[in-house]
Amino acid sequence: LGDDLDLRSTTLNHGTELGEGTFWSNTFSDLRQENYVVYTPNTSVTPIVTYGDYTTATSTVSAAARKLEEQGLRVVAGINGDYYDTLNGAPLGTVMTDGVLRVASASNYAVGFRADGTAILGAPALAMQVKSANTSFSIAAVNQVRYSYDFNARRSTGTNAAGYDVVCSAVDGRLSIGEALTLTVDEILPEATDTAVPEGKYVLTANLLSGEENLALLRALAVGDTLTVTVRAADEGWNDVDYMIGALYQLVENGEVCKGLAAGAAPRTAIGQKADGSLVLYTIDGRRKGYSIGASLTQVAQRMIELGCVTALSLDGGGSTTLCVTLPEDGNAGVYNTPSEGSLRAVTNHIFLVASNEPSGTLDHIALRTESDRVLAGAQVLLRAAAIDTNYIPMDKEVSIASDRGSVQTDELGNTVLTAPKTAGTVTVGAKAGGKYT
């Protein structure tokens, strides 16, 4: 990305580190700013996928974080998710939450998260099949072309193009990889538009213009038929994922940059996996001269390899690129990067790292951060410190800060600041509370 100007790291929670990098591009004579989170799978912090009240609803990463916090969770970090159709909000790839496929595509890449925090990245290559006593056929997609209960606010198929719709009730099982969903046929609508899909129902559908071969498969079904829907992935490693989110491009495969990636500097969001299984949730800001010009997908791929990733996928970028984190001393998540449009864009889905927000009451360590690791001689720099318990929740405990050079004091706004000495050199700053030091 250029010459290193500043590289920093902050511990956010168990196995979770916030990284920041500022670079100078000699090619463009401008800056690049990255912010990312490195997550080592553990049982205290877990990755999840969220979307709105239905799969085409859009919300900002910040708004989605607030909903999780209202549920009693601590949002350790979160980024925007998959590319989506800006006309209707439909995600381009697969979405799974709580072990159930909400959107499914036979194509596109994805990342899946298991209950223990481990992940799998790649191409699931989902094969979706329907079987009855007298017919069998494949499903091209779920909630992408014609839809089900989760698609829109009207809870309908959401189309004015006539189709052959088979309305079914879920009897047993769930729509999940490696499992079976049992349906019974309730109603057949030969020329339907915008068919209602109540909760617990599914609609098997084909556009009337899709060809007689497709329509004949549905016409073989009758009211009362029992259907079995199965979903298989090419790799059994996808069978035990509880959450999944799609990705349009693969950036890194087997430690090598993928070919044919789009050129042009822009804000980017990516997710990668290291050989040890840890994840990198990556953002780089762009389209803001004097702050960050962004990067091409190839440059992001190269940077992900530098950060240790052996595989990496591109999530939605541009104005969608957003990173939220809860800093050690804070109680709520805040936006950490600088979105290119000056405000947050509402996106179709999100990836979060969440943890318990229940205090343990036992002091673990002191978190101490400065707004910058460099300060001009004689100038001031803001210091922030907090006592952190064993659940990484800030405690109401007094923290004292001192330095070996310069002076630590409170400014007129009540902030703790270091006034640097007037001679250049290194200043060591420390904090203590309850017998703990940093």
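The values are calculated or read from the model by the stated rules, or taken from the named source; none is laboratory data. Since the model is a prediction, treat every value here as computed from it, not as a measurement. Positions of Cβ are backbone-derived with ideal geometry, glycine not excepted, and every protein chain shown enters the neighbour counts. Accessible surface is based on the protein model in full, side chains and every heavy atom, while ligands, DNA and RNA are left aside. Shrake-Rupley method; radii C 1.70, N 1.55, O 1.52, S 1.80 Å.
Over the range 385-437, accessible surface divided per residue gives 60 Å², non-protein components excluded, 1.4 Å probe. Dipole magnitude for the chain: about 720 debye, using +1 per Lys or Arg Cβ and -1 per Asp or Glu Cβ, origin at the Cα centre. Pairs of Cα atoms nearer than 8 Å and 6+ residues apart set the relative contact order; for the range 261-409 it is 18 percent. Each other residue within a Cβ distance under 14 Å of Gln129 adds +1 if Lys or Arg and -1 if Asp or Glu, for a net charge of +1.
A dipole drawn for the range 286-354 from +1 and -1 charges on Cβ atoms has a positive end, and of Ile293, Met304, His350 the residue lying farthest that way is Ile293. Give the Kirkwood hydrodynamic radius (Å, one decimal) of the range 46-113, defined as one over the mean of 1/r across all pairs of different Cα atoms. This gives a value of 12.9 Å. For the range 202-305, the solvent-accessible area of protein heavy atoms averages 45 Å² per residue (probe radius 1.4 Å; ligands and nucleic acids excluded).
Residues of the range 351-390 with amide nitrogen under 15 Å from the 7 Å Cα-to-Cβ point of Ser407? Taking a point 7 Å out along Cα→Cβ of Ser407, the residues of the range 351-390 whose backbone N falls under 15 Å are 378-381. What does the accessible area of Glu191 come to, in Å² to the nearest 10, when a probe of 1.4 Å is used? That residue has around 150 Å² of solvent-accessible surface. Using a cutoff of 8 angstrom between alpha carbon atoms and counting only pairs six or more residues apart, the relative contact order for the chain works out to 19 percent. With Cα atoms defining each centre, the range 6-36 and the range 271-309 are spaced 9 Å apart in the structure.
Only protein atoms count toward the accessible area here, which uses a 1.4 Å probe; on the range 176-311, the carbon and sulfur part of that area reaches 48 percent.
Binning every alpha carbon pair distance of the range 297-438 at 5 Å from zero, what are the percents per bin? The percentages, shortest bin first, are 2, 8, 13, 14, 14, 14, 14, 13, 7, 1, 0.
Selection among Thr269, Ser169, Thr410 by position relative to the dipole of the chain gives Thr410 as farthest towards the positive end (Cβ unit charges, Cα centre).
Computed over the chain, the per-residue total of -39500 (n - 2.57) for DSSP H runs of n ≥ 4 gives a 222 nm mean residue ellipticity of -2000 deg cm²/dmol, rounded to 500.
Expressed as an acute angle from 0 to 90° and rounded to the nearest 10, what is the orientation of the C-alpha long axis of helix 61-70 relative to the principal long axis of the chain? Orientation of helix 61-70: about 90 degrees from the principal axis. Only the Cβ atoms of Lys and Arg (+1) and of Asp and Glu (-1) were treated as charged; on that basis the dipole of the range 224-338 about its Cα centre amounts to roughly 720 debye. In units of the rule-of-thumb radius 2.2 N^0.38 Å, the range 319-364 shows an alpha carbon radius of gyration of 1.47.
Amide H contacts of Ala333 (H built 1.01 Å from N, in plane; Pro and chain starts excluded): Val75 sit under 5 Å, all sequence-distant by 5 or more or on other chains.
Taken along the Cα-to-beta-carbon direction at a fixed 7 Å, the label points for Ala180 and Ser29 span 6.9 nm. Using θ = phi - 60° in the Karplus curve 6.51 cos²θ - 1.76 cosθ + 1.60, the 3J(HN,Hα) couplings for the range 289-303 round to 4, x, 10, 6, 8, x, 8, 7, 4, 5, 5, 5, 4, 4, 5 Hz; x is entered for Gly and Pro.
Length, then width, then depth: along the principal axes, the Cα atoms of the chain run 85, 51, 37 Å.
Given a 1.4 Å probe and every protein chain left where it sits, what share in percent of the accessible area of the range 396-438 is carbon and sulfur? Result for the range 396-438: 46 percent of the exposed heavy-atom area is carbon or sulfur. The phi-based Karplus calculation (6.51 cos²θ - 1.76 cosθ + 1.60; θ = phi - 60°) puts the 3J(HN,Hα) values of the range 17-31 at 10, 8, x, 9, x, 10, 10, 10, 8, 5, 4, 9, 6, 7, 9 Hz, whole numbers, x for Gly and Pro. Per residue, the solvent-accessible area of the range 1-160 (1.4 Å probe, heavy atoms of protein chains only, all protein chains present) comes to 39 Å². Checking the a/c ratio against 1.5 first, then a/b against b/c, what shape does the Cα gyration tensor give for the range 233-347? It is oblate, given that a/c is not under 1.5 and a/b is not larger than b/c.
Expressed as a whole percent, the accessible surface of the range 2-125 that belongs to carbon and sulfur atoms is 49, based on a 1.4 Å probe.
When each of the peptides 264-270, 176-182, 301-307 is scored by how many other beta carbons lie within 10 Å of its residues on average, the order from highest to lowest is 264-270, 301-307, 176-182.
The residues packed around Ala180, meaning those with a beta-carbon under 10 Å from its beta-carbon, carry a net charge of 0 if Lys and Arg are +1 and Asp and Glu are -1. About its Cα centre, the dipole of the range 123-278 is roughly 360 debye, where the only charges are +1 on Lys and Arg Cβ and -1 on Asp and Glu Cβ.
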